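Step one of this worksheet: look at the structure below.
The values are calculated or read from the model by the stated rules, or taken from the named source; none is laboratory data. Not measured: the values here are computed from a predicted model. Cβ atoms come from the backbone with ideal geometry, glycine included; neighbour counts cover every protein chain shown. All accessible areas refer to the heavy atoms of the entire protein, side chains included, with ligands and DNA or RNA removed. Shrake-Rupley method; radii C 1.70, N 1.55, O 1.52, S 1.80 Å.
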Amino acid sequence: MKKHSRRELLSNAAYILPNSITTGNLLFGFLSIYNSINGDFYLAALCILVASIFDILDGTVARLVNATSEFGVQYDSLCDLISFGAAPAFLLYLSEFQALGKVGLIIPFIYVCCGALRLARFNVLSAAGEAGGDFSGLPIPMAAIYVATFILARVAMGNEFETLLGGESNIISFALASGAFLSFLMVSNVGFGSHKSFDVKALRFALVFIVLALALVGFMNYPEATGFLLIFTYTLSGPLRSLLFRLRTEDSSVAFENSDASI
């Protein structure tokens with residue numbers, strides 16, 4: 001029997017570890033679908049959040065042990081499609097849209113399709129070395145976290161959440177609009193900030209302290225609602241930033257034209 005050297009064993013372990021973590025992502029995506037089918041929507045949403053933690057860890061671990069590979073990239077995307085595509089779609093349909101019958105399947109199906117397109121585009125950009133910096137389009141894990149925290153807040157707050165949105169019909173309308181909006185953002189070219197390009201030095205310490213303090217107080221008193229508010233804010237940040245950039249560009253163009261006309 002051929003004996004493997006210690007270096008070979010460590011090398012094999014280094015490649016197995018990130019993919020094992022990715023499998024954890026897939027496991028909790030599967031458990032989310034299972035719990036959605038069984039009607040435990042709170043636990044199904046929690047499973048999506050746990051899957052997102054595994055999704056962060058697998059890439060981080062792969063870089064730390066220098067074990068990134070094309071296989072890992074493809075496997076990660078396939079698992080993401082289950083955990084952040086199919087699982088949130090099942091959760092949305094079974095918790096909010098089931099009463100709408102077959103019509104209620106439209107938005108969840110569109111969500112899954114756009115998620116698959118988002119992942120395919122990301123893989124192509126990654127292969128070309130163009131996936132660094134800010135995100136082009138809303139990342140599918142963020143869209144899934146939006147859905148998960150929405151359901152968590154809805155279940156945890158109960159009647160208070162229904163009163164806040166003005167009734168059951170308004171909640172369904174909001175969920176439909178959210179699903180459509182998330183789908184559009186995933187396949188759009190709207191830019192979203194990434195932790196890789198986040199510059200703490202560019203922010204004022206007082207502002208960071210206030211935001212962190214408010215978030216901490218919110219999580220201590222209303223963890224589910226605070227989580228949804230944070231991801232809701234992040235989701236709106238991309239379109240708002242794009243709108244502000246366009247307005248500034250138009251103002252600059254008008255100012256440039258006026259300066260030319262005055263010459």
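Of the listed peptides 96-106, 179-189, what is their order by residue-averaged count of other C-beta atoms within 10 Å, with the highest listed first?
Values: 96-106: 13.8, 179-189: 19.2.
Descending mean neighbour count gives 179-189, 96-106.
Roughly how many percent of the accessible protein surface of segment 87-135 is carbon and sulfur, given a 1.4 Å probe and a whole-percent answer? Can you show the working numbers first?
Values: 1810 of 2480 Å².
Roughly 73 percent, rounded to a whole number.
Annotation: extensible slack from Phe174 through Leu64 equals 35.5 nm (criterion: 0.36 nm per residue apart, minus Cα-Cα distance). Compared with the alpha-carbon gap, the fully stretched path from Cys113 to Tyr222 is longer by 35.9 nm at 0.36 nm per residue.
Order of 107-118, 50-61 by packing, highest average Cβ count within 10 Å first? It would help to have the intermediate numbers written out before the result.
Numbers: 107-118: 20.8, 50-61: 18.6.
Those peptides, ordered most packed to least, come out 107-118, 50-61.
Label separation (Ala215 vs Phe181): 2.0 nm, computed from points 7 Å beyond Cα along the C-beta direction.
Convex hull over the Cα atoms of segment 60-168, averaged projected area in nm²?
Values: hull surface 34.6 nm².
The Cα convex hull of segment 60-168, projected and averaged over all directions, gives 8.6 nm².
Surface exposure of segment 43-162, expressed per residue as accessible area with a 1.4 Å probe, stands at 45 Å².
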